[in-house]
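Just so you know, all these numbers are worked out from the coordinates, no wet-lab data involved. From a predicted model like this one, the values you see are computed outputs, not experimental measurements. Heads up, the Cβs are rebuilt from the backbone with ideal geometry, glycines too, and the neighbour counts pull from every protein chain shown.
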Amino acid sequence: MADNSAIEWTDATWNPVTGCTKITRGCDNCYAARFAERWRGVPGHPYEQGFDLRLWPSRLDRPERWRKPRMIFVNSMSDLFHKHVPRGFVDDVFDRMETTDRHVYQVLTKRSSRMRDYLRRRYPGGAAPGHIWCGVSVEDRAGTARIRHLQAAPATVRFLSIEPLIGPVGDIDLEGISWVIVGGESGPNARELRFEWVRDIRDRCASEGVPFFFKQWGGARPKSGGRLLDGKEWNEFPRNIPSKPAAVPLHAATA
């Protein structure tokens, strides 16, 4: 949990849940698991339990204590829609997000069908508020089914985090998608990111008018390969969305 996050596309992280389990090839070299397991068995450390799933009710009020509007990445160290996170606790997280609407929340999951079903139950006949952005992670062509689940979810703002991109995604459908993030893998055993995979996605975004954000090429460290694609940084964010203008940070300028 951190204010002033180092993640390029957000301002802060909020982890009312920590820990997860691996379910796709994109999870193989998970940065969060690698970090958390360093502290397993250290008494009193927040990751004393390593990357085992843990709920943190004491952290639910953190957004209320942040007075300045922020973009907040929800559960950078977990997945809110993990099957072992009780629905009641997911309700608690959404209750807090709805009431502290000065912030923009970025909720990202690989459990796309559970998120779709949850949003349908929570917002019957409506959609998640515009300050709660709902996204799915996609790592290659096999992961694109999650995009269809997201498109079927009642969300006002839908986004894709195509990271780590470890293979071509093919001819993806961006209907109803408000934002696309792309990035390469970093850390030990980081897998290759090819130029053509990134360019294909960027060009599809450009043709359909979807903001495109390129986070990194990756490598041994997150910044090893830099962030330039064809000689420039791509820092596009969603615009003209039904959210409070003050919640869009100053660094979110389009390229």
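At a glance:
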item: Residue match in region 208-217 (condition: closer than 19 Å to Ala6 by Cα, in a loop (DSSP other than H, G, I, E, B) and either without any contact (Cβ under 8 Å) to a residue 40 or more places away in the chain or of a type in the set (Val, Ile, Thr) (or both)); result: yes
item: Test: Trp9 is at negative phi, part of a loop (DSSP other than H, G, I, E, B) and touching a residue at least 24 places away in the same chain (Cβ under 8 Å); result: yes
item: Selection count where residues are at positive phi and in contact (Cβ under 8 Å) with a residue 24 or more places away in the chain, scope region 29-53; result: 1
item: In region 18-47, residue farthest from the chain's Cα centre (by Cα) [restricted to those that are outside any loop (DSSP other than H, G, I, E, B) and surrounded by fewer than 17 Cβ atoms within 10 Å (Cβ to Cβ)]; result: Glu37
item: Output for region 218-236, where each listed residue is surrounded by 17 or more Cβ atoms within 10 Å (Cβ to Cβ) and part of a strand (DSSP E or B); result: Gly219, Leu229, Asn235
item: Scan of region 193-207 for residues that are charged (D, E, K, R) and assigned to a helix (DSSP H, G or I), ordered by number; result: Glu196, Arg199, Asp200, Arg202, Asp203, Arg204
item: Flag for Arg148 being free of Cβ contacts under 8 Å to residues at least 60 places away in the same chain, buried (at least 18 other Cβ atoms within 10 Å of the Cβ) and basic (Lys, Arg); result: no
item: Residue within region 62-78 that is out of contact with any helix residue (DSSP H, G or I) (no Cβ under 8 Å at 6 or more places or on another chain), surrounded by fewer than 21 Cβ atoms within 10 Å (Cβ to Cβ) and small (Gly, Ala, Ser) present; result: no
item: Residue tally, condition crowded, with 24+ Cβ neighbours inside 10 Å and either under 18 Å from Val90 (Cα atoms) or of a type in the set (D, E, K, R) (or both), over region 133-145; result: 5
item: Count of region 94-134 residues which are in contact with a strand residue (DSSP E or B) (Cβ under 7 Å, 6 or more places away or on another chain) and within 24 Å of Ser5 (Cα to Cα); result: 13
item: Subset of region 81-128 that is closer than 23 Å to Asp52 by Cβ and charged (D, E, K, R) - its residue that is surrounded by the fewest Cβ atoms within 10 Å (Cβ to Cβ); result: Lys83
